[in-house]
Amino acid sequence: MLQSQLFGKTRKEAPSDEVAKNAKLLIRAGYIDKLQAGVYTYLPLGFRVLKKIEAIIREEMDAAGGQEILMPSLHPKDNWETTGRWDSMDDLYKVQDSSGRENALGPTHEEVVVPLAKQFVFSYKDLPLALYQIQNKFRMELRAKSGILRGREFIMKDLYSFHRDEADLAAYYEKMKGVYKRVFERMGIGAVTHLTFASGGSFAKYSHEFQTVTPAGEDTIHVCTKCGIAINQEVVADQKACPECGSDELTQEKAIEVGNIFELKTKYSAPFNLTYKDEEGKDQPVIMGCYGIGLGRLMGTIVEVLADEKGIVWPEEVSPFQVHLIDLSGKNEELKKEVQDVYEKLSAAGVAVLFDDRDLRAGEKFADADLLGISMRAVVSEKSLAAGGVEVKYRAEQEGKIVSKEEFFKLFVR
């Protein structure tokens, strides 16, 4: 991709109406554009990051036995009345057409996935079952002030599991804790993301959140210094010690919730009478769990946690391009041919490369490269060629090094 042709430009200043670091940097770097509070467009760079995050999540959900579907965003009012949430959920967007028919814009999909499962789950042989989707959600968020951390329209992965009994649910629930841990490790924030005990509401003593420690967080958690498990501030009054290891050595931190898992049990299956026949032909209630991850929120969290004073720092697995190739040939036509040769060979090898071919000074190009945060920067200049080839610098490192062109191309051989 030629940077001169990239839709979306870098800015020297952040928008004055943005407070959150994630929004300031992502808008300055040309990753997103704000349509209104809590509603953003993902520009080509941002969309590439979003797709990288999506691919990691999809890979882990598939490995955990999830089957991907795509459900409607427009939900019949009747379904939400069946669960009692049409009137009780205060952030539900409700829309009415000219005939008076009412629908909800889906903030979550229990009211859709349970009736769907009822059409196909009849016997114990149909269980367990795990269905997931990655889709836009809508919530009437009154505090949309944290960039893409808290949106009115946002993208979420929601997985719903269906089981014959609570023991089977418990086993899958434990499995998903490990799956989520791998997701956040691959995103580069695993070291500061904690499994957090939270209020379970009316259907379980606890639910579990995955909270990433950062000053930008809106939640307060108490992290066990011995095992790393945390407790949300909302339940800490009832839990003075770590529920995992019993230690009372807890440190208070600000954090962002990047994922959550719930044992729903029969909270949503019962209202829709979702049952199965056991081995004796008797009807039994289907037991459920649900598991959510906000993709945009995760993207914003990575920025909040890893960015430095120069700009964004993307981990390799979510970087929009594998390498940011910087052309410092200036008016030197022979050198320009060398840079073009590197670009063409990378492209031919299937390497995702952003080629800064713009007619700008070196300092401007380097500043933009730091702002964009692509995981690897490669510079071709008279200096690099005189020393043997290409100057390579990883965004998270302070210093680069010059390698031969042969060594450089080997970096992309898997």
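Every number in this text was worked out from the coordinates using simple rules, so none of it is lab data. If you're wondering where the values come from, they're calculated on a predicted model, not measured in any experiment. No Cβ is skipped: glycine too gets one built from the backbone with ideal geometry, and neighbour counts run over all protein chains shown.
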> Sorted from largest down, what three extents in whole angstroms do the Cα atoms of the range 9-50 have along their principal axes?
Replying inline: 25, 22, 14
>> On the Cα set of the range 157-281, report Rg and Dmax in Å, please.
In response: 16.2, 55
> Using the alpha-carbon centroid of each, what span in Å lies between the range 168-191 and the range 329-357?
Replying inline: 40 Å
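Per residue and in Å³, how big is the convex hull formed by the alpha-carbon atoms of the chain? Could you put the intermediate results ahead of the total?
Working: hull volume 71.7 nm³, N = 414.
Considering the Cα atoms of the chain, their hull volume per residue is 173 Å³.
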> Among 366, 355, 392, whose Cα sits farthest toward the positive end of the charge dipole of the range 343-414 (+1 at Cβ of Lys/Arg, -1 at Cβ of Asp/Glu, about the Cα centre)?
Replying inline: 392
> Ranked highest first by average number of other Cβ atoms within 10 Å, how do 277-290, 207-220 line up?
Replying inline: 207-220, 277-290
>> For the range 8-34 and the range 103-146, what is the centre-to-centre distance using only Cα atoms, to the nearest Å?
In response: 32 Å
> Using the Cα gyration tensor of the range 210-277, with a ≥ b ≥ c the square roots of its eigenvalues, what is the shape: rounded (a/c below 1.5), prolate (a/b larger than b/c) or oblate (neither)?
Replying inline: prolate
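Take each uninterrupted DSSP H stretch in the chain, measure its Cα extent along the helix axis, and return the ones at 27 Å or beyond whose mean Kyte-Doolittle hydropathy is at least 0.0. Show your work: numbers first, answer last.
Numbers: long enough: 44-63 (28 Å, 0.04); 166-186 (30 Å, -0.80).
Both cut-offs are met by 44-63.
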>> How large is the translational diffusion coefficient of the range 302-414 in µm² per second when you combine the Kirkwood radius over alpha carbon pairs with Stokes-Einstein at 37 °C and 0.692 mPa s?
In response: 231 µm²/s
> Dipole of the range 82-171 (Lys/Arg Cβ +1, Asp/Glu Cβ -1, origin at the Cα centre): which of 149, 160, 83 lies farthest to the positive side?
Replying inline: 149
> Mind ordering 74-85, 293-304 by average Cβ neighbours within 10 Å, highest first?
Replying inline: 293-304, 74-85
>> Explain nothing, just compute: Karplus ³J(HN,Hα) = 6.51 cos²θ - 1.76 cosθ + 1.60, θ = phi - 60°, for every residue of the range 92-99 in order, whole Hz, x for Gly and Pro.
In response: 7, 6, 10, 10, 10, 8, 5, 8
> How long is the gain from residue 333 to residue 347 if the chain were fully straight, where each residue apart is worth 0.36 nm and the alpha carbon distance is subtracted?
Replying inline: 2.9 nm
>> How many angstrom lie between the Cα centre of the range 228-248 and the Cα centre of the range 276-300?
In response: 26 Å
> Charges only on Cβ, +1 for Lys and Arg, -1 for Asp and Glu: so what's the dipole of the chain about the Cα centre, in debye to the nearest 20?
Replying inline: 700 debye
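With +1 assigned to the C-beta of every Lys and Arg and -1 to the C-beta of every Asp and Glu, and no other charges, what is the dipole magnitude of the range 321-410 about the Cα centre in debye, to the nearest 20? Can you show the working numbers first?
Numbers: 14 positive and 18 negative charges, 28 e Å.
The calculated dipole for the range 321-410 is roughly 140 debye.
Quickly rank 6-17, 169-180 as a protection proxy: mean count of other C-beta atoms within 10 Å, highest first. Can you show the working numbers first?
Values: 6-17: 12.2, 169-180: 16.4.
Result, highest mean first: 169-180, 6-17.
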>> Give me the base-10 log of I(q)/I(0) for the range 1-110 at each q in 0.24 Å⁻¹, Debye formula, one uniform scatterer per Cα, rounded to two decimals.
In response: -1.17
